[in-house]
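Derivation of every value follows stated rules applied to the coordinates shown; laboratory data play no part. Model, not experiment: these values are computed from the prediction. Cβ atoms come from the backbone with ideal geometry, glycine included; neighbour counts cover every protein chain shown.
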Amino acid sequence: MLGGQRMAWAAALAALVFLGGASSVLATDPTGADTLKASPDAPVNFVWVLITGFLVWFMQYGFALLGAGLIRVKNTVNYLTKSFLDFCMGSLAFWAFGFAFMFGGSGAVIGSAMANGLEAGNPFIGSSGFFLTGAAYDVTTIAYWWFQMVFAATAATIVAGAMAERTKINAYLAYSFLVTALIYPIYGHWLWGGGWLWTLPFGAGARDFAGSGVVHTVGGLTALVGAWMVGPRIGKYDPQGTPRVFKPSNLAFVVAGTFILFFGWFGFNPGSTLAATDLRISVIAVNTFLAGTTGALVAVYWGFVKNGKMDLVLACNGTLAGLVGITAPCAYVAPWASVVIGAVAALIMIWAAGFVERTLKVDDPVGAIAVHAGGGIWGVLAVGIFADGTYGGVSGLIKGQVGQMVAQLIDVGAVVAWVLVTAFVMFWLIKKTIGLRATREEELQGLDIPEHGSELYPSEEALAGTAKA
Amino acid sequence: MLGGQRMAWAAALAALVFLGGASSVLATDPTGADTLKASPDAPVNFVWVLITGFLVWFMQYGFALLGAGLIRVKNTVNYLTKSFLDFCMGSLAFWAFGFAFMFGGSGAVIGSAMANGLEAGNPFIGSSGFFLTGAAYDVTTIAYWWFQMVFAATAATIVAGAMAERTKINAYLAYSFLVTALIYPIYGHWLWGGGWLWTLPFGAGARDFAGSGVVHTVGGLTALVGAWMVGPRIGKYDPQGTPRVFKPSNLAFVVAGTFILFFGWFGFNPGSTLAATDLRISVIAVNTFLAGTTGALVAVYWGFVKNGKMDLVLACNGTLAGLVGITAPCAYVAPWASVVIGAVAALIMIWAAGFVERTLKVDDPVGAIAVHAGGGIWGVLAVGIFADGTYGGVSGLIKGQVGQMVAQLIDVGAVVAWVLVTAFVMFWLIKKTIGLRATREEELQGLDIPEHGSELYPSEEALAGTAKA
Amino acid sequence: MLGGQRMAWAAALAALVFLGGASSVLATDPTGADTLKASPDAPVNFVWVLITGFLVWFMQYGFALLGAGLIRVKNTVNYLTKSFLDFCMGSLAFWAFGFAFMFGGSGAVIGSAMANGLEAGNPFIGSSGFFLTGAAYDVTTIAYWWFQMVFAATAATIVAGAMAERTKINAYLAYSFLVTALIYPIYGHWLWGGGWLWTLPFGAGARDFAGSGVVHTVGGLTALVGAWMVGPRIGKYDPQGTPRVFKPSNLAFVVAGTFILFFGWFGFNPGSTLAATDLRISVIAVNTFLAGTTGALVAVYWGFVKNGKMDLVLACNGTLAGLVGITAPCAYVAPWASVVIGAVAALIMIWAAGFVERTLKVDDPVGAIAVHAGGGIWGVLAVGIFADGTYGGVSGLIKGQVGQMVAQLIDVGAVVAWVLVTAFVMFWLIKKTIGLRATREEELQGLDIPEHGSELYPSEEALAGTAKA
């Protein structure tokens, strides 16, 4: 088998060398010299887009820690491996296919300074820039790819938590490839690729500044379908269907993950201007901050009033819900509105968590569906309510405008329909081929040993040294 | 009770919407278009201020880890919750009141590129910009708010460690609000708000570049008052008053926290130029680095000479003391002086830790008072010694100038008097209303279960799933 | 003894004050006012160099976590202390000597915007800028120092892992000083200081954009010599010389360290343009990302095919090997080539790990030699293969040019010869003076108690409080 494996790798590498060599002559501006001449502001905009993208990428680490802390120790190595490999897999999917489907043909629609040179496309799907070769070998297009890549990776990794503790890793990696290559970019094209939602004839067209819908609702609803199809963990529901509580195994991981996600969000939202010359970035950063902090306080005091305890997990999920909620409206609203949006997002998250667990009876070990789909849909709608008309020509209900809300409602309908249908097909296909769920024995033992051959904290004997396999 | 709670939230939200809607017409430049036209350097300065502010905010995570590692496991959830919620509470206090008291009326005095449009005020307190509405809805003012907010949050969180393991969380959150709304900003106004200390007729006036005094001494002295008023932990002193050693529970957390704080300090000090067009930022970064590394080496070798051991906690606190010490003088001195300042800061921290523990008999579980007040006062004075006249017209004793040292001594007197008095009043009021200290039973059990209903690492049974409450 | 210690410190501080005072009159542009006038792009370039340098510095934390997770718990405090103090020690060595040997006399050769004012030197060693005094008290020189400092620190810390669990901390700190003052900077001068390798008459001269050779191969080969000279850990090889497996003690640390290193690499490679006006930074960032993700996937699937398990450590080391491999060619190649380079780097790392462990019988607890020397040498050669001629006038075999490969081969020969010889002399001298290896008793007990007086997680009794020593 190893021989065949080697030959496959060799063939893949040879094909890449050939493809690359053949296409590199078509590059647009691979050094940036022409771009710099045409746009003296390019350096500060590149610095902004790259560094905020680094911060967004770092959220992968936050998601890994957050989930690892919320699940049981016996599945932690499995969870960390999934969290690490999903963006690796997604990087190749988005490089090969996703980016071309999302942006090929429409150019960048946000931040004119970063507009790229891709050409062919239509309101439903893009079709150029595969493998970043040809005209896509260009400093601006590649800066743009970087920022979009880390957003795709964020959408993908949201699902890990909801399906944790019982999903096979090979099924998860297949999912990672498909969501990043197809489901995420096609819906993304409708909005950020200048597709039909972006150009709706209501208000300014549907608007989702940094992705409450494009990233978080896509991730959250995919998580809903996946968690439903893989089924609840053994023991989650008693025979009467009453849910049981599994305590988080490591609250230090949970709070660390939340801190890192919050840190990354300062890249996620302000970076989405794609240009530092758009000085609205300061308002966006502060709006993001205020929604996140308000979400934490509202959630934690809600728990205190109810149970007399200051629940740390509730504070963390309240923050995350607030951050998800402000992601779409962050550029369009004033600071006071961010406080309102964060507060409402926390309450919606709390309601949605109960709805998913008790009404839908879907087992989401980390609360990802409530945070990302609950907070995400609220965020898309909040644009239609609180946009104050100071930015991008977007005015919501508080300015007496109804049209924007119509566009936002259509957007919500579109993302719900698209994701529920395509995610169902995707997980169904994986289930019928690779299989979604680990065996009962593996699940009871924990996935770490059967799938990875390692425990998070090995026994004394394993540490003391064993004969080489 | 829940019904009343709901109505209170609803009323608060309604008030916000009303306030916001009423005031948004008065905005100055909420999109930044005019600002960009007037100042083509604005984008690079915004990028600098925002990103360095992100780094400063990330220090919250460092403080959380550092303290969690130094205290006992049974209080860790309590500590992490306080560390997470203090900046959340502080964000609303500084948004509503603190910023207006600190800067309203004086404009920014450091970094002219970031000067804001606030107007009314006097040498003792500011009075405009409440809730960031009206004229404060402006990209420059809001960028400035962001950077100042994370500094206020740093001062606030310093206290958590010194009062750890026996302070009620509701008391702590009340403190967080008051220090960020009143104590920190009013003293800050005297200096960074262009108040009476800034304009002292000695040397260039009192100078504290990034806050050895404004942030660290305020935090450290507030911690001293708080730790004294709440009293030592049970068992800290034996009947003869001899202190006992509680070993840090997790040295990995301690060193992680120190790394993250060091990382954030690269935002704290260089970012305090508030402008990237001030190229002194490179000197400031290197001065910060050298003082931190020298502090670690001096402290760890001091311990090695004394005990024959390389003490990791001493290395970490030596670094932090060096960083606190260089914070005021970082812009005014040469690299060689930073090495001296860091070395002396570490020795002062070691002396101060013993003084607090053995002479004052104040129980500070993490050494925050020694690091932040000890290192902080030294830093303010170091400006008067080592400023070499190359920057900001500030020359110290090494240039034969005595006037600057006079200003720095007055500043030290002012911060000591202001903080000891106001912190005493604040903690006394909290003690008489909410109560400061957990019960003896709660303290012996650890605060995690009684106040939060969770342990850091729950038992096997809790992880295995329990019936839903 | 303490009296002598105090006098030594006092004398050192007095000497610094004297030196500093005497030389500060010779400063070039310590405030940056002249630099800003001469180069209006300086602010964005300073922001880029400083912030990417902060990210590189943060890699120290990643290395600390990664190694701590791979070794046994009983040596963790020792490892964390080494990881923290090596860059502290290195900072003083590079400030006093290393920078002057590396760059004094040749100016910066990469990124003309950051060229500094140093003057005397030759193709083999630099000779100005000691202690950053005199002409080196200049904003540009000091920005340059910062970025180079964090690279030197990276090379130094690579060795910690390979020599872990049996090396005395004082020996390690002596090594840290010597490698940062002499071994690293002299070879670095040959290349980045414009020395004889940079000006080789083949291709464009030897090229190593961000240090696959200068940083990683130097670190990896020094690690090889050190690990060989200190000998394998007790029990690593059975009497027949067959290696035994010690399981990593904490996989959460391992994956956290890898995430943080990956994050820092976005500073390491793109920052090496030393200028944001060089828009190639976007291509460099994406090349870095793709090589890292491909390395992970290739390594983990190699393990899956061989053992049927998804090995998380293999994924992490695959990523790191990919990142090391792309470090030299990152600016010179297209994205498709980065995928190839990352894939090959992972396979070389896997082969090299076996070669070191089973053929050389050198015990490297973390795999640093395979990742950094294996990936590093491959990276230097990859420039000669995949450089596509779009950047810096560098064209490799894929463009039909052989000359560049000749230069790269000479570079590889030079780094191997230089490091093996000088590292041997250095470790031999340390062995004969301080001694390299802990005693058998210390090693069996673990180094934490004998050298540091602390455990990572102390016993219940230690936490409960003991009488003050």
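Chain A: D in µm²/s via Stokes-Einstein (Kirkwood Rh, Cα pairs, 25 °C, 0.890 mPa s)? Walk me through the numbers before you get to the answer.
On the way: Rh = 22.7 Å.
In µm²/s, the coefficient is 108.
Fewest first, what order do B:Met163, B:Met426 take by the number of other Cβ atoms within 10 Å? Provide the component values of the computation, followed by the final result.
Details: B:Met163 29, B:Met426 20.
Final ranking by Cβ density, sparse to dense: B:Met426, B:Met163.
Based on Cα contacts under 8 Å between residues 6+ apart, chain B shows a relative contact order of 21 percent. Distance from the Cα centroid of the range C:343-359 to that of the range B:144-175 is 49 Å (rounded to whole angstrom).
Modelled spin labels at B:Arg440 and A:Val245, positioned 7 Å past Cα toward Cβ, are 3.0 nm from each other. In a reduced charge model with +1 at each Lys and Arg Cβ and -1 at each Asp and Glu Cβ, chain B shows a dipole moment near 840 debye about its Cα centre.
Restricting to DSSP H runs of at least four residues, report the calculated mean residue ellipticity at 222 nm for chain A, -39500 (n - 2.57) per run over all residues, nearest 500 deg cm²/dmol. Let's see the in-between values first.
Working: 17 runs with 270 residues, N = 469.
Theoretical 222 nm ellipticity from helices: -19000 deg cm²/dmol.
Note on the range C:305-413: dipole from Cβ charges, positive end direction compared against C:Ala373, C:Met310, C:Gln408; the farthest Cα belongs to C:Met310. The tail of the calculated P(r) for the protein assembly as shown beyond 42 Å holds 42 percent of all Cα-Cα pairs.
Could you calculate the FRET efficiency of B:Leu409 with B:Ile234 from 1/(1 + (r/R0)^6), where r is the beta carbon distance between them and R0 is 30 Å, rounded to 0.05? Intermediate results must be reported in sequence, preceding the final value.
Values: r = 40 Å, r/R0 = 1.32.
Efficiency computed from Cβ-Cβ geometry: 0.15.
Label 7 Å along Cα→Cβ of C:Lys431; the range C:212-239 residues with amide nitrogen under 20 Å? Residues C:219-237 fall inside that zone.
In µm²/s, what is D for the range A:174-272 at 4 °C and 1.567 mPa s, where D = kT/(6 pi eta Rh) by Stokes-Einstein and Rh is the Kirkwood radius from Cα pairs? Result for D is 77 µm²/s.
Look at the stretch B:128-138: the mean tally of other chain Cβ atoms within 10 Å of its residues' Cβ atoms is 2. In this structure, the residue pairs whose Cα-Cα separation is over 30 Å, taken from A:Lys168/C:Lys74; A:Lys306/B:Lys74; B:Lys247/C:Lys247, are A:Lys168/C:Lys74.
Annotation: the residues A:Leu420, B:Leu66, A:Leu92, sorted from fewest to most other C-beta atoms within 10 Å of their own C-beta, follow the order A:Leu420, A:Leu92, B:Leu66.
If each residue of separation counts as 0.36 nm, what is the full-extension length gain between B:Thr359 and B:Thr199 once their alpha-carbon separation is subtracted? It would help to have the intermediate numbers written out before the result.
Working: separation 160, 0.36 × 160 = 57.60 nm, distance 3.66 nm.
Working it through step by step, the gained length comes to 53.9 nm.
Counting only DSSP beta bridges with both residues in the protein assembly as shown, the antiparallel share comes to about 100 percent.
Peptide C:35-44 shows a mean partner chain C-beta count of 5 within 10 Å per residue C-beta.
Provide a whole-number value for the mean count of partner chain Cβ atoms within 10 Å of the Cβ atoms in peptide C:393-399.
Values: counts 0, 0, 0, 0, 0, 4, 2.
Average neighbour count from other chains, rounded to a whole number: 1.
In terms of surrounding Cβ atoms within a 10 Å radius of their Cβ, C:Trp428, C:Trp48, C:Trp198 rank from fewest to most as C:Trp428, C:Trp198, C:Trp48.
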